[in-house]
Amino acid sequence: MEQQDFSAMHTEMRRFFATGATLDAAFRKAKLRGLAAAIRRREGDIMAALHDDLAKPPCEAYITEIVETLDAAEYYAARAAAFSRPRRVWPGRTILPAFCKVYPEPFGLALVLSPWNYPFQLSLIPLICAVAAGNCVVLKPSRESPATGRILQQLVEECFDSGHCRVVLDAPGAPGAAPEQTATALLSEAWDFIFYTGSPRVGHIIMESAARHLTPVCLELGGKSPVIVTEDADLAVAARRIAWGKMLNAGQTCVAPDYLLADAAILEELVERIREEFARQLGPDPIHSPDYGRIVSHAAFDRLCGLAERCGVGLIADRELLKIAPVIFRTDFASPALEDEIFGPLLPAIPYDCLDAALAYIRANPKPLACYLFTRNKGIEKRVLRELSFGGGCINDVALQASSSRLPFGGVGKSGMGRYHGCAGFDLFSNLKSVVHQWPTLDLPLRYPPYGKGRLRWLRRLLGDWSRRSPPGRGGWR
Ligand code: NAD
């Protein structure tokens with residue numbers, strides 16, 4: 001099958017961007033408010049699509065997809081103008097009396113490639129950030145969540161000009177078609193920014209494509225996110241929250257607890273409590289619980305069953321319904337469950353005799369997207385925050401760091417690069433243009449040669465002295 005050609009769309013969008021319409025903060029605000037209103041109007045359809053794609057229970061869809069997206073749209077609509085304003089920066093002693101400002105400006109055309117697991121919010125929140133910053137956007141949702149893809153296309157068509165924002169869906173699977181031909185064709189165009197959420201494997205492909213045009217990228221990837229539980233933790237609360245974080249979207253959450261490291265003294269009790277929580281929250285028949293989602297595809301289902309088999313763990317599963325009941329099992333560091341990101345409702349639990357060993361294991365592996373710690377010990381809390389590097393996390397909870405429209409979100413190392421949400425999301429899609437404003441006539445002769453005798457002494461007295469007194473961090477930064 002021939003590769004799709006997106007060059008006409010690209011040209012139309014470049015033309016729209018060149019009109020300067022998106023530079024007007026009031027225009028962006030109106031578009032984002034319009035999008036929020038459309039999401040409210042279509043809430044039922046969105047929930048139905050999420051149910052079609054992943055059997056998401058309406059409450060879960062509401063909390064993890066709809067509210068977060070609405071919150072982001074409202075947040076950026078309210079702040080688009082303020083974030084766009086020039087920001088004063090203290091010039092530092094070397095260029096006084098000039099003054100400095102940073103002028104945020106949109107990059108231009110942004111490409112957003114989103115995954116299937118939270119197909120609504122992980123598509124629209126990056127789009128919202130890009131629009132707030134004044135960009136034009138092409139969004140390509142995952143073909144694994146086609147119903148949500150269609151709703152996204154309708155919403156974007158309803159709320160934006162075709163030159164401003166577009167949703168491109170995968171062409172229906174023609175026999176022999178390359179599996180990612182739409183994404184591949186899009187990536188062959190020259191974008192001003194690429195925002196990608198998905199697996200580290202595809203992250204490599206995206207970065208290589210971006211390198212051809214030296215396009216900046218944000219990569220929101222995954223990995224193995226540990227949860228550490230110390231001896232003094234409140235086990236009832238820890239068990240409830242860990243079980244909830246693992247069951248959410250049937251474990252197909254990038255910030256889900258991937259594996260559990262618990263003090264050997266409390267591991268057995270914690271494992272038992274988590275098992276009880278699975279049963280309490282989903283009832284005796286989790287496969288048929290209306291409060292529990294499904295695995296995205298047969299391929300993912302088979303992968304998870306294969307992993308369980310290699311770990312010697314029995315599953316309650318139904319291939320026709322694509323459902324796997326959540327399961328926790330005790331294991332050790334040599335387990336196959338510790339090889340790749342699990343991305344499903346299997347939770348390996350490993351005991352540690354001393355915290356040093358647990359922290360050393362995490363440090364020896366790629367930096368995780370998320371890390372969770374359940375403890376009442378402030379010393380341990382400080383130690384974990386100081387000694388471990390990870391994208392974000394929670395103390396005494398799980399997954400919530402991804403839910404705030406204000407807290408910057410992203411990975412580090414193999415779990416990603418770049419951050420969005422909050423002002424970081426606006427800045428991510430902006431070129432922060434740094435400008436020195438010099439006085440037109442005031443012209444200190446000190447910098448010009450001939451320097452002559454004594455100039456160095458003067459410079460030292462003037463600049464060296466100031467270096468001891470200059471105020472730290474002055475300026476208009478948020
Ligand atoms: P994926 O990488 O398979 O797909 C994501 C997007 O990339 C889709 O739009 C897809 O069309 C596109 N894509 C896939 N293969 C491609 C290729 N060869 N060339 C170009 N584009 C291609 O990811 P997924 O399976 O949908 O998501 C699961 C992974 O994403 C997990 O690792 C998870 O941890 C991670 N994830 C991370 C975050 C985060 O915010 N950091 C959020 C959700 C998921």
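Here are some notes:
- Cβ-placed point charges (K, R +1; D, E -1), dipole of region 1-102 about Cα centre in debye, nearest 20: 1120 debye
- For the chain, share of DSSP beta bridges that run antiparallel, in % to the nearest 5: 35 percent
- Hypothetical label at ASP232: residues of region 350-389 whose amide nitrogen lies under 12 Å (7 Å Cα-Cβ projection): 375-382
- Entries in LYS56/LYS378; LYS29/LYS140; LYS29/LYS433; LYS31/LYS433 that, when Cα-Cα distance is taken, lie over 29 Å: LYS56/LYS378
- Rolling a 1.4 Å probe over the heavy atoms of the protein chains gives the chain an accessible area of 45 Å² per residue.
- Shape call, region 102-226: gyration tensor on alpha carbons, a/c limit 1.5: rounded
- What a 1.4 Å probe finds exposed on region 171-293 is 58% carbon and sulfur by accessible area, rounded to a whole percent.
- Considering only LEU315, PRO290, ILE228, and ranking their Cα positions along the charge dipole of region 228-328 that arises from unit charges at the beta-carbon of Lys, Arg, Asp and Glu, the one farthest toward the positive end is PRO290.
- For region 5-57: rounded, prolate or oblate by the Cα gyration tensor [a/c cutoff 1.5]: oblate
- Placing a label point 7 Å from the Cα of ARG40 along the Cα-to-Cβ direction, the residues of region 139-165 whose backbone N falls under 17 Å from that point are 159.
- Extension gain, LEU459-GLU208: 0.36 nm per intervening residue step, less the Cα-Cα distance, totals 85.6 nm.
- Lys, Arg +1 and Asp, Glu -1 on Cβ, resulting dipole of the chain about Cα centre, debye, nearest 20: 3440 debye
- Helical mean residue ellipticity (222 nm; -39500 (n - 2.57) per DSSP H run of 4+; nearest 500) of the chain: -12000 deg cm²/dmol
- Three-way shape label, the chain, alpha-carbon gyration tensor, a/c 1.5: oblate
- Simple rule: put +1 on each Lys or Arg Cβ and -1 on each Asp or Glu Cβ in the chain, find the dipole, and look at ASN365, HIS437, VAL271; the Cα lying farthest toward the positive end is HIS437.
- Coordinate range along principal axes, alpha carbons of region 391-469, Å, largest first: 65, 28, 24
- When you restrict to C-alpha pairs under 8 Å that are six or more residues apart and normalise by the size of the chain, the relative contact order lands at 19 percent.
- For the chain, with +1 on Lys and Arg beta carbons and -1 on Asp and Glu, the positive-most of PHE6, PRO179, TYR352 along the dipole: PHE6
- Counting only Cβ charges, +1 for Lys and Arg and -1 for Asp and Glu, the dipole size of region 334-460 around its Cα centre is about 1160 debye.
- Summary of packing: across the peptides 145-157, 9-21, the per-residue average of other C-beta atoms within 10 Å ranks them, highest first, as 145-157, 9-21.
- Förster-model FRET efficiency, 25 Å R0, ARG85 and ASP161, C-beta, rounded to 0.05: 0.50
- Pair-distance profile P(r), taking every C-alpha pair of region 1-126, with 5 angstrom steps and integer %: 2, 9, 13, 15, 15, 14, 12, 9, 5, 3, 2, 1, 0
The values are calculated or read from the model by the stated rules, or taken from the named source; none is laboratory data. Treat the numbers as computed from the prediction; the structure is a model and nothing was measured. FYI the Cβ positions are ideal-geometry reconstructions off the backbone, even for glycines, and counts take in every protein chain you see. These area figures cover heavy atoms from the full protein model, side chains too; ligands, DNA and RNA do not enter into them. Shrake-Rupley method; radii C 1.70, N 1.55, O 1.52, S 1.80 Å.
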